[in-house]
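Okay, so here's the structure we're looking at.
The values are calculated or read from the model by the stated rules, or taken from the named source; none is laboratory data. All values reported here derive from a predicted model rather than from experimental measurement. Note that we place each Cβ from the backbone using ideal geometry, even for glycine, and neighbour counts take in every protein chain shown. Protein only, heavy atoms only, side chains kept; ligands, DNA and RNA dropped before computing areas. Shrake-Rupley method; radii C 1.70, N 1.55, O 1.52, S 1.80 Å.
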Amino acid sequence: SQQGEEDPQALSIQEGENATMNCSYKTSINNLQWYRQNSGRGLVHLILIRSNEREKHSGRLRVTLDTSKKSSSLLITASRAADTASYFCATDTKAGNMLTFGGGTRLMVKP
Amino acid sequence: DAGVIQSPRHEVTEMGQEVTLRCKPISGHNSLFWYRQTMMRGLELLIYFNNNVPIDDSGMPEDRFSAKMPNASFSTLKIQPSEPRDSAVYFCASSPQGLGGSPLHFGNGTRLTVT
């Protein structure tokens, strides 16, 4: 089974609204990363949060990490149609030397 | 910065044929990763290299799959013989520091269809 699991699997919102995506994982991590994938393209790194950090911001993105609950959230504020994509969390675990991706959340932002 | 370059972008082949996917990582990056993406299984790490040396190939599904990195600027993933279940998008990614907290830079993938 995958280390990271995103929730919801799909999300549809109107432009201007906020979008929140969640990621849960199973084992202790060194860091957690969020990526975006547009249709037919490779993944693009958005933000990395380390296990000793609780919150991080980058532009309209806000990521939180709760290691006690083994979960993270990605908030996109004031969404735009161009934010339509799939979003993946990826964990770099302490046990293994791998970056493991979750199944992703498909976000659709309607203009 | 040209990014990670993969070729071909699309490959259609018949079952039993050999398939070779190619990747040029970002110059100066010393770690390279091959991932496979399918609807059913999501993104799976197949193998990764550090300083041209294979470090973990536990994700390679079968002996039909092999990967090489003869130098710091080139890697190949070969499937021989190919089977329909190998149909997927194969991504190559590179990183400056391996898995020590560095983001991965992905290519745009090779969409493989095996008929």
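With all protein chains kept in place, the per residue accessible area of chain B amounts to 48 square angstrom at a probe of 1.4 angstrom. Computed over the protein assembly as shown, the P(r) tail beyond 29 angstrom holds 27 percent of alpha carbon pairs. What would the Debye formula give as log10 I(q)/I(0) at q = 0.13, 0.15, 0.19 Å⁻¹ for the alpha-carbon point model of chain A, no solvent? Computed log10 I(q)/I(0) values: -0.43, -0.57, -0.91. Close Lys pairs in chain A (alpha-carbon distance under 27 Å; sequence gap of 8 or more, or different chains): 10.
As a fraction of the 1.4 Å probe accessible area of segment A:1-67, surface on carbon and sulfur atoms comes out at 41 percent. Comparing the full protein assembly with the isolated chain, the residues of segment A:34-65 losing at least 30 square angstrom of accessible surface (1.4 Å probe) are A:TYR35, A:GLN37, A:GLY40, A:ARG41, A:GLY42, A:LEU43, A:HIS45. Compared with its chain on its own, segment B:64-104 contains the following residues whose accessible area drops by 20 Å² or more in the full protein assembly (probe 1.4 Å; ligands, DNA and RNA excluded): B:PHE91, B:LEU99, B:GLY101, B:PRO103, B:LEU104. Residues of segment B:61-79 falling in the label zone of B:ILE55, defined by backbone nitrogen less than 20 Å from a point 7 Å along Cα to beta-carbon, are B:61, B:66-77. Legend: residues in segment B:18-53 shielded by at least 30 square angstrom of accessible surface upon adding the remaining protein chains to the isolated chain (1.4 Å probe, heavy atoms) are B:TYR35, B:GLN37, B:LEU43, B:LEU45, B:TYR48. When B and A come together, around 1500 square angstrom of accessible surface is lost from both chains combined, probe 1.4 Å.
Within chain B, what whole-number % of the accessible surface is contributed by carbon and sulfur, with the 1.4 Å probe and all protein chains included in the calculation? Here it works out to 49 percent.
Reducing segment B:68-115 and segment B:7-50 to their Cα centroids gives an inter-centroid distance of 2 Å.
Note on B:ASP63 and B:ARG85: the extension gain reaches 6.5 nm, defined as 0.36 nm multiplied by sequence separation minus the Cα-Cα distance.
In terms of its alpha-carbon gyration tensor, segment B:5-115 comes out prolate; a/c meets the 1.5 threshold, and the first ratio a/b outweighs b/c.
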